[in-house]
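Enquirer: This is the structure, below, for whatever I ask next.
The values are calculated or read from the model by the stated rules, or taken from the named source; none is laboratory data. Source: prediction; values computed, not measured. Reconstructed Cβ throughout: ideal geometry from the backbone, glycine too, with neighbour counts over all protein chains shown. Just the protein is used for accessible areas: all its heavy atoms, side chains included, with ligands, DNA and RNA removed. Shrake-Rupley method; radii C 1.70, N 1.55, O 1.52, S 1.80 Å.
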Amino acid sequence: MTPEQKLQPTPAQTIGPFYGYALPFDRDSQLLAPGLPGTIRLHGTVRDGDGEPIPDALLEIWQADAAGNVPQEPGSLVRDGYTFTGWGRAAVDGAGNYTFTTVNPGATEEGAAPFISLLIFGRGLTNKLHTRIYLPENEDALARDRLLASLPPERRSTLIAEREADGGLRFDISLQGANETVFLSFPGA
Amino acid sequence: MEEGLFQDSHVIEGPDSAQASQDEISSEIREIHSSYRKGIEDGLPQETQPRRDFAPYRSSILRHPTKDLHHADPETIELWSPAFGHQDVHALESDLTIQHNGEPLGERIIVKGRVLDGAGRPVRNQLVEIWQANSAGRYIHKRDQHPAPIDPNFTGVGRCLTSDDGSYEFTTIKPGPYPWKNHYNAWRPAHIHFSLFGTDFTQRLVTQMYFPGDPLFSLDPIYQTITDARARDALVATYDHSVTAHEWATGYTWDIVLSGSNRTWMEDEDAE
């Protein structure tokens, strides 16, 4: 059951530009050491309503492992390079680009479309933005997915990553505009 | 003094570096807030979160989604949070005054409180991260060029894990207000940034804690992105003399409520 919301949630505020030494940490964007078998590059660009890359967004991903298990291993902040904790954080560079080293998430349930949960913070964003990065393969599973099915085709495509020749994933984010990424709200949140 | 003086202060150049006066910004804020209050009188729901589209905060203009957020039922990974353990966070990281060889300058403060979910249950063993300017209003950050002194004994970064009753505690220095480029003569009220995780990833929260009685509240377009007065007040800590330490530090309490947990409750949690 969903418990009653008895208390008013504390309002969010923008992350601002100066999280400098606070949030980034060593190997924050490497969920595994690059080059380990099965690792892929997940990358893209964050753009504003003018289509300009923004230099001060912070992204977090949270995902199942390759077998579809939800990790519950500590060790995200002090990484050993080998323990897959499923969580990563990346500040975009001066040209709005982010890069994670991770693995393809497995389906958490039989026949489900695997996705990576993505959170976006930034100067100018007064509150976080949630979205999902779906893997492009298995069109049957994508077609069955409840969230994707509820979207018009042109918006649906903003949630599906592009597979690159080297096995990596490209996923661009538009905060506004014609290609505005679909951002999510959750009940009670 | 005029335009040039703070040319380099907190500079983020861009189309959104507005040159509006405080009067113009304040009048835009008043208009949005009064329209919100009228909506409440007409039966519209209370807003508990900041407006994403809030033009007086100029950086939001090109960065807020223009389409409604899409309602989704959280699934699998969204119903869990990453795990953090004591190998991730050292106990001493909650004291921001001992990270260098000397004492930082400014008013030493203790900030403590509890992290709860919407049902009032403690959020246990989750990561809390804070960051802030020093007592002169300057961050250790290469983009922060505000001509206030850097304190060699203060980085302004802390972490802790919440305890079993959801409590957190930091020892730090009261941050100073600082100018920023939103509009002419724009100053941020003193604040500490907080980053929090709940038991579900959907509960993730980044916010700012403010200090009671700050004269800059009504002028600040970031604080005022929250149109509802009661919701705004929830970001202001309480001076608490029982937290104040004899000849050592003044004390503040601030509790944080995350959104309702969506995960099915475990038996042993229900027994709480």
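Enquirer: Starting from the exponent 0.38 and prefactor 2.2 Å, build the expected Rg for the protein assembly as shown from its residue count and divide its actual Cα Rg by it. Mind showing how you got there, number by number?
Expert: On the way: Rg = 21.6 Å, N = 461, 2.2 N^0.38 = 22.6 Å.
Its radius of gyration relative to the 2.2 N^0.38 Å reference: 0.96.
Enquirer: Follow-up question, since we're still on this one. Using the structure shown, select from B:Lys38/B:Lys181; B:Lys38/B:Lys174; B:Lys112/B:Lys181; A:Lys128/B:Lys181; B:Lys67/B:Lys142 the pairs with a Cα to Cα distance greater than 25 angstrom.
Expert: Check vs 25 Å cut-off fails for B:Lys38/B:Lys181; B:Lys38/B:Lys174; B:Lys112/B:Lys181; B:Lys67/B:Lys142.
Enquirer: Now a separate question. With each label point set 7 Å from Cα along the Cα-Cβ vector, what nm distance links A:Glu162 and B:Lys38?
Expert: Label at A:Glu162, label at B:Lys38, 4.6 nm between them.
Enquirer: To the nearest 100 Å², how much accessible surface do chains A and B hide from each other in total, with a 1.4 Å probe?
Expert: 7300
Enquirer: Also, quick follow-up: Applying a 10 Å radius around every beta-carbon, put B:173-185, B:27-39, B:52-64 in order of their mean neighbour count, most first.
Expert: Ranking the peptides B:173-185, B:27-39, B:52-64 by packing returns B:52-64, B:173-185, B:27-39.
Enquirer: Per residue of A:50-61, what is the mean number of Cβ atoms on other protein chains within 10 angstrom of that residue's Cβ?
Expert: 2
Enquirer: Related question: As a check on your grasp of the helix formula, calculate [θ] at 222 nm for chain B: sum -39500 (n - 2.57) over DSSP H runs of n ≥ 4, divide by the residue count, round to the nearest 500. Write out the running numbers ahead of the final one.
Expert: Values: 3 runs with 29 residues, N = 272.
Per the formula, -3000 deg cm²/dmol.
Enquirer: Choose one of B:Ser60, B:His146, B:His86: the residue whose Cα lies farthest towards the positive end of the charge dipole of chain B (beta-carbon charges +1 Lys, Arg; -1 Asp, Glu; about the Cα centre).
Expert: Checking the options against the dipole of chain B, the answer is B:His146.
Enquirer: Which residues make up the longest stretch of chain A clear of GluC sites (Glu not before Pro) that lie in a DSSP loop with no more than 15 other Cβ atoms within 10 Å, not counting the sites? Provide the component values of the computation, followed by the final result.
Expert: Working: sites that count: A:Glu4, A:Glu109, A:Glu110, A:Glu137, A:Glu164.
That would be A:5-108.
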